[in-house]
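First comes the structure, then the notes that go with it.
Please treat every number below as a calculation from the coordinates, not as lab data. Since the structure is predicted, the reported quantities are computational estimates derived from the model, not experimental observations. As a convention, Cβ positions derive from the backbone with ideal geometry for all residues, glycine included, and neighbour counts pool all protein chains shown.
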Amino acid sequence: MVNVFTEIVIRCPRDVTAAYAANPENAPEWYANIDSAEWISGHAVQLGATIAFKAKFLGRELAYVYEISDYTPGERMVMRTADGPFPMETTYTWEDAEEGTRMTLRNRGNPSGFSAFVSPFMAIMMRRANEKDLRRIKDVLERRR
């Protein structure tokens, strides 16, 4: 099982941070590995909405569909793969911090086949990518203030 947890404090109000991070249309701007995100069902961040992502990870092109399975605006969003190379769950949380907003990003999944064989390496690379992505969203949002 891959289980990667990262967090950062962003000097930006929680409602602004959460609204930006939860909107899949913004993902290519702050996720280094995501090339595109397109709505499949619905065009709003809501329970049951599905989004198709195209990404690159570990030198491979990936296409997968996420479904929003839990959403509390400004607090938490969970997306699970509805279709993709292996089952994955991504959880975002946002909470007030003295300096702005504490944002967490957690990826959990059960790789199978060849991916299961390289899962320890995959977890290390995911952590590095997530940390880089959180620094990027911090830069994007703090520059807009």
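Brief remarks on what is shown
- Within a Gaussian network of the chain (alpha carbon springs, distance under 10 Å), most fluctuating of THR104, THR72, THR91: THR72
- Charge dipole (debye, nearest 20) of the chain; +1 at Cβ of Lys and Arg, -1 at Cβ of Asp and Glu: 440
- Farthest positive-ward along segment 2-144 dipole, Cα basis, beta-carbon charges - from THR50, VAL9, MET126: MET126
- Furthest towards positive pole of dipole, VAL78, ILE40, THR101, structure part the chain, Cβ charges: THR101
- Alpha-carbon Rg/Rh ratio, for the chain, with Rh computed the Kirkwood way: 0.95
- Helix-only CD estimate at 222 nm, as mean residue ellipticity for the chain, using -39500 (n - 2.57) per DSSP H run (n ≥ 4): -9000 deg cm²/dmol
- The mean sequence separation of alpha-carbon pairs under 8 Å and at least six residues apart, normalised by the residue count of the chain, gives a relative contact order of 31 percent.
- Of all the options LEU134, LEU62, LEU105, the one that moves most in a Gaussian network model of the chain with Cα springs shorter than 10 angstrom is LEU62.
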